[in-house]
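The values are calculated or read from the model by the stated rules, or taken from the named source; none is laboratory data. All of these numbers come straight from a predicted model, not from anything done at the bench. As a convention, Cβ positions derive from the backbone with ideal geometry for all residues, glycine included, and neighbour counts pool all protein chains shown. Keep in mind that these areas ignore ligands, DNA and RNA; they rest on the heavy atoms of the full protein, side chains included. Shrake-Rupley method; radii C 1.70, N 1.55, O 1.52, S 1.80 Å.
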Amino acid sequence: MKAAIITFPGSNCDRDLAVAFEQAGAKVVRVWHKDTVLPAGTDVVGLPGGFSYGDYLRCGAIAARSPIGTAIAAHAKAGGYVLGICNGFQVLLEMGLLPGALLRNAGLKFLCKPVTLNVATTDSAFTSGYAQGAQIRIPIAHHDGNFTADAETVARLQGEGRVAFTYAENPNGSDGDIAGILSENRRVLGMMPHPERAMEAAHGSADGRALFAGLIGAFVPG
């Protein structure tokens, strides 16, 4: 599997994400925000955490309109896989590839700590490596991670099984305790917690490994 990791000005988790994909067995290609095409044969696009373009306008808004953005949107609409983490999740929302918005944390403070997530669905390549209802430990590091959508959208996401992860104890005020959501075809995942920072037990948790392994598994001939 070939993973294209996008770097924007202000990305600070792009190397972490690249290493996580490499540890899972993927071939990783690094892509600069000013590129206009994805590398040939790209299977999954990774949008890392950080503060793209300094969040000067609105988190993820400028990155969503960067030169590479058109290629990312086309990849997703053609059925390609996309993983957006933290700021990457914000970018996916700004691109319209996922519904909803991410607002300032309810407590108006930057949060950086491990949290417990509930695996809300295993019906996706991203979550197939977990058990339904399992609890995993994944760190968060965000100031604008409060997922917000109208009641109808939240109900639709829940009813269609498109909520990937929920917080066991909601740290930021997200509607429905939502920590990550899937697109309609289940090939785009946006999540605020950082699974790429939970790849080694020595770092506090290796619970992120199953996410990357499951995604890699989608490309292994059965």
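Kindly flag which residue pairs out of Lys34/Lys113; Lys2/Lys34; Lys2/Lys109; Lys77/Lys113 have an alpha-carbon separation exceeding 26 Å in this structure.
Listed pairs above 26 Å: Lys34/Lys113; Lys2/Lys109; Lys77/Lys113.
For the chain, what log10 I(q)/I(0) values come out of the Debye formula at q = 0.18 1/Å, with one point per alpha carbon and no solvent?
For the chain at q = 0.18 Å⁻¹, log10 I(q)/I(0) is -1.39.
Give me the number: length gained by fully extending Ala206 to Leu57, i.e. 0.36 nm times residue separation minus the C-alpha to C-alpha distance, one decimal in nm.
Extending this stretch completely gives an extra 50.2 nm.
So for the pair Ala73, Ala131, with labels modelled 7 Å out along Cα→Cβ, what separation do we get in nm?
Simple spin-label model gives 4.2 nm for this pair.
Tally the DSSP beta bridges in the chain and give the antiparallel ones as a percent, rounded to 5.
55
How large is the dipole of the chain about the Cα centre if only Lys and Arg carry +1 and Asp and Glu carry -1, each at its Cβ, rounded to the nearest 20 debye?
So the magnitude is around 400 debye.
Could you check how much of the accessible area of the chain is carbon and sulfur, as a whole percent, using a 1.4 Å probe?
51
Determine which aspartates and glutamates satisfy two conditions relative to Lys27: a Cα distance under 15 Å, and not lying fewer than 8 residues away in the same chain.
Straight-line reach from Lys27, under 15 Å: Asp14, Asp16, Asp43.
Per residue of region 91-99, in order, report the coupling 6.51 cos²θ - 1.76 cosθ + 1.60 (Karplus, θ = phi - 60°) as ³J(HN,Hα) in whole Hz, putting x for Gly and Pro.
Once θ is set to phi - 60°, the couplings for region 91-99 become 5, 4, 5, 5, 7, x, 7, 9, x Hz.
With the other protein chains left in place, how much accessible area per residue, in square angstrom, belongs to region 1-125 at a 1.4 angstrom probe?
42
So what does Ser124 come to for accessible area, using a 1.4 Å probe and Å² rounded to 10?
That residue has around 10 Å² of solvent-accessible surface.
Check each of the trypsin sites (Lys or Arg not before Pro) in region 17-79 and keep only those in coil by DSSP with at most 16 other C-beta atoms within 10 angstrom; list them in order.
Lys34, Arg58
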